[in-house]
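Laboratory data are not the source of any read-out in this text; all were calculated from the coordinates shown. Everything quoted here is computed from the prediction, not taken from an experiment. All Cβ positions, glycine included, derive from the backbone under ideal geometry; neighbour counts span all protein chains shown.
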Amino acid sequence: MADAAKKKDSFSLGEFRKLSVSDKFKKVFGNLRTNLIAIFAVIILIDVVALFNLHNIYAVYYEQNTDQGEIRITIQALAKYYLWALSAQDEEDRNEQFAGVDEKIQELNDGLTTLSRVYKGDLSTAYQHVKDIDTADDKLREMFQSGAGSAEIYEYYVGTINEAIKVVVKDFKEIGISAKAQAQSAYVLALVSVLVMTAISLIVLIYAILYMNKAKKALTNSILGPIEAISAAADDMAKGKLEVKVHTESEDELGKLADDITYSTDVIEDVVKDIIETLKRMSGGDFTTGSRNEKIYIGDYGAIRDAFKDISGNLSSTLLEVRNSSQQVSQGAMNMSQGATDLAEGSTDQAAAVEELTASVNSVTEQTRQLADVAEKSKAMATEVRENAETSARKMHLVTDAMTRITEASAEIEQVTNSIEAIAKQTSLLALNASIEAARAGETGKGFAVVADQIGKLADQSSEAAKNTHQLIADTMDEINNGNSVVAETTEALDAMQHSVEEITDMIIQTGDLAEEQAQSMDEIDKGIEMISNVVQSNSATAEQSSAVSQELSEQSESLNSLIGQFTISE
C-alpha cells in the first residue's frame, strides 16, 4: 500500500510531465494491469477458498452424514435379522437369518472404516461396541445349539445383544452430534473467509477506481493541456497571426511539438518580414538583387528565395530588353513614317488604276449579261426542238406499228384468198361432174347442165379473182416491206436526231448556266474591285494616319526610355 501511495502521489509531481507519452501510458496502464491482476488474484483466492469449503462440506460432512445414515440402516437391519432368527421355526431358516446377521456386522465394521476417513473424532469406542455385539452373537448361537429354551434365549437377546445394539446406536448419535458441530464450525469458517476476501476485493477495487480517476486526470492534464495550447496556436496561424508562442510545461512529445511550432512560427515571421522588405524594395524600382537575407530561407522556403532571385533577374533582363526595344521602336517609327508617305503616294496611283479596271469590268459584265440572255432564249428554243423531235419519233413509232399490223392483215387476207381458190377448184370440179351427169340424163338433165355450166363459169371467175387477189397482195406486201424499210430508216434517223437534239439542248442549257454563273462572278468581281477601291482609299487614309502615329510613337519611345531610366537594374 505504501508503494501504491507513492505511485499515486507521483501523478501530482513534475516527474509525470517529464515522461514521454508512451511512458505515461505504460506507467498508467502498467499500474492498472497490476491492480487488475491483484483483483483477479483476490477473486481466484475467494473462489479457491469457496471451493475448498464446498469440498469439505461435500467430501467430509456430507460423507459423514451419508455414512452415518447407512450405518443406522445397517443397525436396524441387524436388529431385524436377530428378531427373524428368534422367530424362525426350523434350523435352516435360522441359519439363513444368522448369515444375514454376520453380513450386517461386517457392514458395520466396513461402515466404521469408511467413516473414519472423513470423521475427525475417535471411533475406537464404536469399534469396541460393535465387537461386543459380535461376541454376544457367538453366545446366542451357542445357546441355540445347546438347545436352550426360547424364554432363556429371548431374555439373553433382550438383556445383552439388544442392549449392545442400543449402545452402538447411542455411539452414532454422539458421532452425529459431533459431526454436526464440525460442519457448523466449517460453515462459519467458510462464511467468514468469504466475507474477509470479499472485503479485501472491495478495498482493492476501490483503490483501482481511485487510481484510474487519478490516472485519467493526470493523463488529461499532461496530454490535453499541450494539445489545447497547440490547437489555439494553430487557430491563430489560420487567422494569419505570425507572432505565435506555445507555452506548455510538458516535456514529452507534445511539449517538443509545441516548441517546434514556436520555432516554425519564428522562422515564418522572419521569412514574411524579409518578403515584405524585398517586395517594398522591388516596388521602389530596385531589381538589382532578390532577398538580402538569404540564410533565413531554409528547407522548402528556398523556393521563395530562388523565386525572388529569378524575378529580379528576369525583370532586369526584361527592362533592359524593353529599353533596347524602345530604341529600336524609335528608329522603326522614323522608318515607318517614311514608308507611310510612300504608301500614300502608291495608294493614289492604285486608286487611278482601280477606276480604269472598274470601267473595263463593268463593260465585260454587261456583255456577259447579254450573253446570258441569249443563252436563255437558245435554251428555250432547244427545249422546244427536243420536244418536237420526241413527238416525231413517237409518231414514227406509231407508223411502224401500223405497218406491222397491215402486214399481219395482208397475210390473213392471203390465207382467205387461198381458201377461196381451193373452194373455186372444188366448185369447178363439181360443175364438171354435174355437166357429165346432165349429159347422161339426156333431155331431163338439160336444165341442170345449164346450171352446172354457170357454176363452172362462176368457179373460173372466182379462181381468176383469187389469182388477181394473190398478185395484188404480193404487190402490196412488197410495197409494205419497202415502206417498213423506209419507216425503220426514218425512225432510226429520228432517234439519232432526238439524241443529237438532246445533247445540243443539254449543251445550250449548260452554256446558259455557265453564262449565268459568269454574270454572277462578274458581279462579284465588280463588288471586289469596289472593295479594293475602298481598301485603297482606306490605305491612303491609313498611310496618312500611320505617318502621324509613327511620329507619336517616336515621342512615346523617348518617354519610355526616360521611364526605364528610373529603374535600377543589373546590366
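Under 5 Å from the amide H of SER291 lie the amide H atoms of LYS309, each residue being 5 or more positions distant or on a separate chain, with H modelled from the backbone and absent for Pro and chain starts.
Could you calculate the FRET efficiency of GLN556 with SER317 from 1/(1 + (r/R0)^6), where r is the beta carbon distance between them and R0 is 22 Å, rounded to 0.05?
On the way: r = 22 Å, r/R0 = 1.01.
Here the calculated transfer efficiency is 0.50.
Sorting ARG305, ARG323, ARG405 by the number of Cβ atoms found within 10 Å of their own Cβ, with the fewest placed first, yields ARG405, ARG323, ARG305. The convex hull of the Cα atoms of segment 2-230, projected and averaged over all directions, covers 18.0 nm².
Provide the FRET efficiency to the nearest 0.05 for the ALA303-VAL272 pair, computing r from the beta carbons and using R0 = 22 Å.
Values: r = 15 Å, r/R0 = 0.67.
Between ALA303 and VAL272 the formula returns 0.90.
Which length gain, in nm to one decimal place, applies between ARG141 and LYS80 when the Cα-Cα distance is subtracted from 0.36 nm times their residue separation? Show your work: numbers first, answer last.
Working: separation 61, 0.36 × 61 = 21.96 nm, distance 1.61 nm.
Computed gain between ARG141 and LYS80 is 20.4 nm.
For segment 452-468, 3J(HN,Hα) computed residue by residue from phi via the Karplus equation (6.51, -1.76, 1.60; θ = phi - 60°) reads 5, 5, 5, 5, x, 4, 4, 5, 5, 4, 5, 5, 5, 4, 5, 5, 4 Hz, glycine and proline entered as x.
With a simple spin-label model that places each label point 7 Å from the Cα along the Cα-to-Cβ direction, the separation between VAL49 and ASN534 comes to 11.9 nm. Between ASP523 and ALA232, residue separation times 0.36 nm minus the direct Cα-Cα distance comes to 96.5 nm. 3J(HN,Hα) couplings calculated from phi for segment 198-204 with the Karplus curve 6.51 cos²θ - 1.76 cosθ + 1.60 (θ = phi - 60°) are, in sequence order, 5, 4, 4, 5, 5, 4, 5 Hz; Gly and Pro show x.
Taking a Cβ cut-off of under 12 Å around ASP495, the surrounding Lys, Arg, Asp and Glu residues balance to a net charge of -3, with basic ones at +1 and acidic ones at -1.
For segment 2-230, a crude dipole built from +1 on the beta carbon of Lys and Arg and -1 on the beta carbon of Asp and Glu, taken about the Cα centre, is about 3280 debye to the nearest 20.
What is the local net charge at ARG305, summed over the other residues whose Cβ is closer than 11 Å to its Cβ (Lys, Arg +1; Asp, Glu -1)? Its environment carries a net charge of -2.
The slack in the chain from ALA99 to LYS120, taken as 0.36 nm per residue of separation less the alpha-carbon distance, amounts to 4.3 nm. Amide H contacts of VAL246 (H built 1.01 Å from N, in plane; Pro and chain starts excluded): THR262 sit under 5 Å, all sequence-distant by 5 or more or on other chains. For LYS173, neighbours were defined as the other residues whose beta-carbon sits under 12 Å from its Cβ, and their charges (Lys and Arg +1, Asp and Glu -1) total +2.
Between LYS295 and ASP260, what is the FRET efficiency for a Förster distance of 22 Å, r being their Cβ-Cβ separation, to the nearest 0.05? Before the final figure, lay out the partial values.
Values: r = 20 Å, r/R0 = 0.90.
Plugging the Cβ-Cβ distance into 1/(1 + (r/R0)^6) gives 0.65.
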